[in-house]
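Some notes on the structure that comes next.
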Amino acid sequence: MKHYLLGAVAGVAMIGAASAQAQTNVVVGHALSVESHYGVGAQAFIDTLTELSGGAFTGEQAPASQLGGERDMIEGLQIGSLDLVITSTGPLGNFVPEALALDLPFLFRDYDHARTTLDGEIGQELLDQMRDADLVGLAWTENGFRHVTNSQRPIRTPEDLGGLRLRTMENRVHMAAFEGMGAAPTPMAWPEVFGALQQGVVDGQENPITVITAARFWEVQGYVTLTGHVYSPAIVLASPILFDGLTEEEQGWFLEAARASAAATRAEVDRLEREGVELMRANGMDVITEIDRAPFQELAAEASWSVFTDRFGTDMLERIAAVE
Ligand code: PAF
């Protein structure tokens, strides 16, 4: 069996060289559990690839940040020590700066708007740009609209965020947005987050319902406010060292498997959007569903949109706004 996993960040060694009829095992790294929306998407990728290839390709998940934080995993793809990663766009702007557009708060109106944009011309252009950073963008998938959780108090207005030590992803746009809304943003890689909340190093964090439930944040956070302050895309990325070694037919299977992965993940996001509030309440969280988003939007946009527009202008943002 041939493995493309050359040696993970965690130090896993390369296994075996290929024989002509070798079966190839592809490792799909991600940050969450196998039961999460990423786990569902990773499994759909593996199952579809195995089916399309008639078993020539098999796969396994490396879940729960086993191979490092999302930034580490992206770096692993660049050097060929990892095969495939499903990651949020949190660290992606550090590799492909134009992708920072997708992280702007209050950019997408709703799920339909985000999905139509990412499945269309704009999404394809951004996928193509991954090549500039020695990455292969196979498909846009999804994390979901992000919401604020914390251990201190219910958040109803930006004033309630005042001084709250809030973990953000390592993302300049998100940090600027929360600074603008009055919080004290603390960038941190995902594997450290649960412990930091537990030990009170930070008071809160922000993530979609998918992640809040998958991570069982009710064990360390009493309050959730459905701020929906930003849509959080995710992406299926491959290593060019793996992808460029495939035949055209095999590349087609990988692309189709990535699209199947995105469809399965989005279906799971939809399910958790329907059922997640009850699940969080049943586990003791105080869930605030109705807030006036306008003041959050004004402060967040004023503080963060220029991080993107100062460098790239407003063209892409106008095109995204025009997507029906
Ligand atoms: O908060 C993050 O870092 C991301 O949303 C997560 C949980 C790793 C999923 O991509």
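Observations on the structure shown:
- Using the alpha-carbon positions of the chain, Rg (one decimal) and Dmax (whole number) come out as 19.4, 64 Å.
- For the range 14-322: accessible area per residue (Å², 1.4 Å): 38 Å²
- Radius 10 Å from Cβ of residue 164, net charge of other residues (Lys, Arg +1; Asp, Glu -1): 0
- One equal scatterer on each Cα of the range 25-109, no solvent, Debye formula: the resulting log10 I(q)/I(0) at q = 0.21, 0.26 Å⁻¹ is -0.99, -1.18.
- Taking Cβ atoms as reference points and 14 Å as the exclusive limit, the residues near residue 277 contribute a net charge of -3, counting Lys and Arg as +1 and Asp and Glu as -1.
- Using C-alpha pairs below 8 Å separated by at least 6 residues, the relative contact order for the range 186-298 is 43 percent.
- Distance (nanometres) between label positions extended 7 Å along Cα→Cβ at residue 293 and residue 279: 2.1 nm
- Candidates 147, 37, 229: whichever shows maximal mean-square fluctuation once the chain is modelled as a Gaussian network with Cα springs under 10 Å: 147
- 3J(HN,Hα) couplings calculated from phi for the range 257-263 with the Karplus curve 6.51 cos²θ - 1.76 cosθ + 1.60 (θ = phi - 60°) are, in sequence order, 5, 5, 5, 5, 4, 4, 5 Hz; Gly and Pro show x.
- GNM result for the chain, Cα springs below 10 Å: residue of 180, 195, 144 fluctuating most strongly: 195
- Trypsin sites (Lys or Arg not before Pro) within the range 107-142: DSSP coil, no more than 10 neighbouring Cβ in 10 Å: none
- Ligands, DNA and RNA left out, the 1.4 Å accessible surface of the chain is 48% carbon and sulfur atoms.
- Put simply, the amide H of residue 58, placed in the peptide plane, has neighbours under 5 Å in 24, 25, 26, leaving out anything fewer than 5 places away on its chain.
- Net +/- balance of residues flanking residue 174 in space, Cβ distance below 12 Å, scoring K and R +1, D and E -1: -1
- Anisotropy class of the range 20-75 from Cα gyration tensor, a/c 1.5 cut: oblate
The values are calculated or read from the model by the stated rules, or taken from the named source; none is laboratory data. All values derive from a computational prediction rather than experimental measurement. Glycine also receives a Cβ, built like all others from the backbone with ideal geometry; neighbour counts cover every protein chain displayed. With ligands, DNA and RNA removed, areas are computed over all heavy atoms of the protein, side chains included. Shrake-Rupley method; radii C 1.70, N 1.55, O 1.52, S 1.80 Å.
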